[in-house]
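Working notes, beginning with the structure itself.
What follows draws every value from the coordinates through simple rules; no lab data is involved. Please read all numbers here as calculations on a predicted model, not as lab measurements. No Cβ is skipped: glycine too gets one built from the backbone with ideal geometry, and neighbour counts run over all protein chains shown.
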Amino acid sequence: MKKYSFKLILLALGIAILFFSFLLVRNIRAVNRSGMISQHRSLNELLLGRQKNQTISVSDVNYIDYWMTFKYINTIFKLPENYLKDRLSILSDRYPNVSLGKYASTNKIDRALFVSEVKKTVNSYLETVINQK
């Protein structure tokens, strides 16, 4: 009797794994067909996938989002360490290791408006660097 119930449990587990695998594959195909994946460049492409002769451009500023930390943005766009801190008058002692969204919510600033300000500031820096070349 014990052997029979063990086999039944294994069979049920196998069927459950197959069922969830089927659902996973179906959802991946649906996302792929919708084109959501191909519409946006991944951050890997932005950071690592570029050719050596390509540089970050002003259009890449549009990828800045609320979940990014100031340190992350400084690294991607090769900003001086305190550029955003100085330009945006950031007083947080957690700078640069605080995300834009967390900083905005802590300081009761509209998140979308703050991200937009960061984009403008980074854009201004990149245009200055481009004009100097």
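Quick rundown of the values:
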quantity: Phi-based couplings in Hz for the stretch 16-29 (Karplus 6.51, -1.76, 1.60; Gly and Pro marked x); calculated: 5, 5, 4, 4, 5, 5, 4, 5, 4, 4, 4, 5, 4, 5
quantity: Rounded FRET efficiency, nearest 0.05, which uses the C-beta distance separating W67 from R29 and R0 of 25 Å; calculated: 0.40
quantity: D110-I130 FRET efficiency (beta carbon distance; Förster radius 25 Å; 0.05 resolution); calculated: 0.25
